[in-house]
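Structure first, then comments.
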Amino acid sequence: MCRDIEVGIKCIAALLTCHNRREKTLGCLEALYANVLPEEVTLHVILVDDGSTDGTETAVRERFSDVYLIKGDGNLYWNGGMRLAFESAIHQGFDYYLWLNDDTVLYKNTLGTLLETAMTVMSQKERAAIIVGTTQAHQTGGATYGGLTRTSRWHPFKYHLVSVTNAPVPCDTMNGNCVLIPDEIVKKIGNLDAAFIHTIGDIDYGLRARKAGFRIFIMPGYAGQCDRDSIANSLADKNLNLRERYKKLLGKKGLPLKSWYVFTKRHAGIFWMVFWLWPSLKVALSSLKLSKR
């Protein structure tokens with residue numbers, strides 16, 4: 001337990017969840033443990049293996065025996081797995097909580113930069129802030145995930161990735177691929193919301209933190225590598241018919257009606273119902289356009 005460690009030591013809990021992508025998970029852990037940390041910082045890793053059948057659990061235990069491994073039943077998905085890891089870490093008590101996707105390969109100085117940015121921003125703003133690491137594609141080097149800024153005055157959910165610079169840059173919310181959250185914020189905001197299954201729990205958390213008066217910044221430079229998910233067989237795949245696209249939209253990895261209801265009701269203002277209905281209408285309209293070609 002971090003609270004029992006010598007005073008002056010900063011404790012980070014790295015939180016991950018995985019399902020059947022053993023080599024990516026192992027690569028992520030290898031890069032995480034290769035990070036150069038200040039002497040006064042300790043790293044604890046909590047991994048939820050959500051019912052993997054590809055030998056992930058055995059491989060992690062053999063190569064990374066310090067990882068605290070929690071077994072899931074295969075139905076947790078990203079938000080559920082991260083909630084379980086987060087819950088365990090909060091119960092133990094840490095100074096910082098690091099969300100990390102298991103397909104993200106960190107650069108060796110990323111944890112140090114995240115911590116330095118967190119302390120710099122806190123000294124300037126006199127309050128803790130969430131610090132986000134921006135990831136880039138392996139081949140092109142382009143930005144893939146990170147801090148998000150709202151781009152429309154009338155549409156509350158139109159965002160773009162914040163561009164990386166050599167200084168911290170503020171943003172409105174974030175993707176959950178690489179995020180450092182100080183304990184002060186966790187005490188106020190708590191865990192990821194159980195209303196979400198796979199997606200938008202990270203964006204919701206950032207928006208809730210902003211509403212509570214906390215700020216969010218991206219760290220200077222890139223945090224690591226993580227490719228964008230393929231559009232093949234996804235909602236954006238134009239080869240899918242209307243029924244298939246609705247199945248993707250309303251499925252557990254899409255925007256299930258209950259989850260999307262909670263999100264829009266919470267963050268879309270008085271016209272929340274319009275935004276709740278809009279994804280379904282958009283799928284129907286786009287499918288209609290494709291059928292006319």
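Below, the figures for the structure above:
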read-out	value
Summed side-chain charge close to residue 62 - residues other than residue 62 whose Cβ falls under 15 Å, Lys, Arg +1, Asp, Glu -1	-3
Accessible area per residue, Å², segment 115-169 with all protein chains present, probe 1.4 Å	55
Whole-number D in µm² s⁻¹ for segment 17-92, Kirkwood Cα-pair radius fed into Stokes-Einstein, 37 °C, 0.692 mPa s	255
Residue with peak Gaussian network fluctuation, the chain [Cα springs, cutoff 10 Å], from 80, 141, 206	141
Gyration tensor over alpha-carbon atoms, segment 51-127, equivalent ellipsoid semi-axes in Å	29, 16, 12
Formal net charge of residues neighbouring residue 20 (Cβ-Cβ distance under 13 Å; K, R +1; D, E -1)	-4
Heavy-atom accessible area per residue - segment 34-109, 1.4 Å, Å²	46
Whether segment 42-83 is rounded, prolate or oblate, judged on the alpha carbon gyration tensor where a/c under 1.5 counts as rounded	oblate
Nonlocal amide H pairs with residue 190, under 5 Å, H built at 1.01 Å	none
Carbon + sulfur, % of accessible area of the chain - ligands and nucleic acids excluded, 1.4 Å	53
Long-range HN-HN contacts of residue 144 with modeled amide H, under 5 Å	135, 136, 137
Rg and Dmax of segment 87-162, Cα atoms only, in Å	15.2, 42
With Cα atoms, 0 to 90° folded angle of helix 257-267 axis to the chain main axis	70
Excluding exposed DSSP-loop GluC sites (Glu not before Pro) (at most 11 other C-beta within 10 Å), longest clean stretch of the chain	127-293
Size-normalised alpha-carbon gyration radius of the chain, reference 2.2 N^0.38 Å	1.01
Members of 187/211; 188/211; 10/211 lying beyond 19 Å, as alpha-carbon distances in this model show	10/211
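The values are calculated or read from the model by the stated rules, or taken from the named source; none is laboratory data. Since the structure is predicted, the reported quantities are computational estimates derived from the model, not experimental observations. A quick note on method: Cβ atoms are made from the backbone with ideal geometry, for glycine too, and the neighbour counts reach across all protein chains shown. For the accessible areas, the whole protein counts, side chains as well, though only heavy atoms, and no ligand, DNA or RNA atoms are used. Shrake-Rupley method; radii C 1.70, N 1.55, O 1.52, S 1.80 Å.
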